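Let me begin by presenting the structure, written as structure tokens, before commenting on it.
The values are calculated or read from the model by the stated rules, or taken from the named source; none is laboratory data. These figures come from a predicted structure and were not determined experimentally. Glycine also receives a Cβ, built like all others from the backbone with ideal geometry; neighbour counts cover every protein chain displayed. Each accessible area value is taken on the protein alone, full model and side chains, heavy atoms only, with ligands, DNA and RNA left out. Shrake-Rupley method; radii C 1.70, N 1.55, O 1.52, S 1.80 Å.
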Amino acid sequence: DIWDWDLATDQVWWNEGIRGLFGYSPAEVDPHITWWQKSIHPDDQHRVLSGVQAFLDSGERLWSDEYRFCRADGSHAWVFDRGYVLLDDQGKPVRMIGAMVDITERRKTEEALRESEEKFRRIVETAGEGLWIIDQHFKTVFANPQLARMFGYTVEEMIGRSVFDFMDDESRPIAAAYLECRYAGPHDFRYRRKDGSDLWAIQSVKPLVDRDGRCAGALGMVLDNTERRQLEEQLCQSQKMEAIGRLAGGVAHDFNNMLTAINGYSELLLGSLRPGEPMYEQVEEIRKAGERAALLTRQLLAFSSRQEMQSV
């Protein structure tokens, strides 16, 4: 679609292609306003005309820009416009001739793509789960802010590093076996945070393939499971202590029954002996040992009672 602009008179001509696109010819423009006041979208006029003037002042000959062109029905079309400057004998710009292309659909597609990317960016950045993309060599190519916070790094610090860099020696072979199986199902991994502490995480992974169907990496969703694992370990420890307490209580009761007989007969023997007699000191030592054993038994019973109270 061709146009011709006389810079001295500000008169413009365009062909039937442009007329068909916008629904009017230059002759139909109100004579009290310039063609660009009617044709160029008000929000674009200053930018476009300032750009044209700067271009003319620069001495260059080929100009281009993208802007909105107003249609007769009140709508607007995005156009890509190009113009070539013609000079007079003194080298002064006198005319521009050019062509424009309707890029409305392209701009709509670009806008839809930008909106989609922005929506995706918001979802990724505000997600409660960590999102992790690795390549076929297990190198990090993407990490969202939540994943970086889990590990105590910045996103920039994670990019380019192997997934195994975030694990200890014990966890690496387990993870390697899992990844070599092409990431089948969720798995509970132990990672290592930047500060050296453990990060238990449930990770679900989906393989990524290229256009030829070859493995190109994986997308992982990571959920911090550290607190639940710690609670499970505390519960397991509590159950162990409860079992130990019950065992200690049972032993203490049985032992206490035997000590009752030992201590009772010791008292009877001491009552029948006088200090200085050959057996008196031996029986006295038996009685003292029995008392010490009774003290130990009471301590075991107290320990058993505390464990039972804590487990309630």
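What the table shows:
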| read-out | value |
| --- | --- |
| Length-normalised contact order of the chain in % [C-alpha pairs under 8 Å, at least 6 apart] | 10 |
| Cα Rg, Dmax, the chain, angstrom units | 43.6, 146 |
| Relative packing of 262-269, 211-218, which averages over residues the other C-beta atoms within 10 Å, highest first | 262-269, 211-218 |
| Alpha-carbon centroid distance for the pair the stretch 255-281 / the stretch 127-184, whole angstrom | 72 |
| Those residues of the stretch 111-128 whose amide nitrogen sits under 18 Å from the label point placed on Glu66, 7 Å along Cα→Cβ | 111-118 |
| FRET efficiency estimate (nearest 0.05) - Cβ-Cβ, Asp6 to Thr109, R0 30 angstrom | 0.25 |
| Karplus-derived 3J(HN,Hα), 6.51/-1.76/1.60, for each residue of the stretch 32-40, Hz, glycine and proline x | 7, 10, 7, 4, 6, 5, 7, 8, 7 |
| Carbon/sulfur fraction of accessible area - the stretch 1-149, other protein chains in place, 1.4 Å, % | 53 |
| Those trypsin sites (Lys or Arg not before Pro) in the stretch 5-68 that DSSP places in a loop and that have at most 16 other beta carbons within 10 Å | Arg61 |
| Flagged links, alpha-carbon separation over 29 Å, of Lys119/Lys206; Lys38/Lys92; Lys38/Lys119; Lys108/Lys206 | Lys38/Lys119; Lys108/Lys206 |
| Shape of the stretch 117-219, Cα gyration tensor, a/c cut at 1.5 | oblate |
| Per-residue SASA entry for Thr260, accessible area with 1.4 Å probe, Å² rounded to 10 | 90 |
| Helix-only CD estimate at 222 nm, as mean residue ellipticity for the chain, using -39500 (n - 2.57) per DSSP H run (n ≥ 4) | -16500 deg cm²/dmol |
| Neighbourhood net charge (9 Å Cβ-Cβ; Lys/Arg +1, Asp/Glu -1) for Ala201 | -1 |
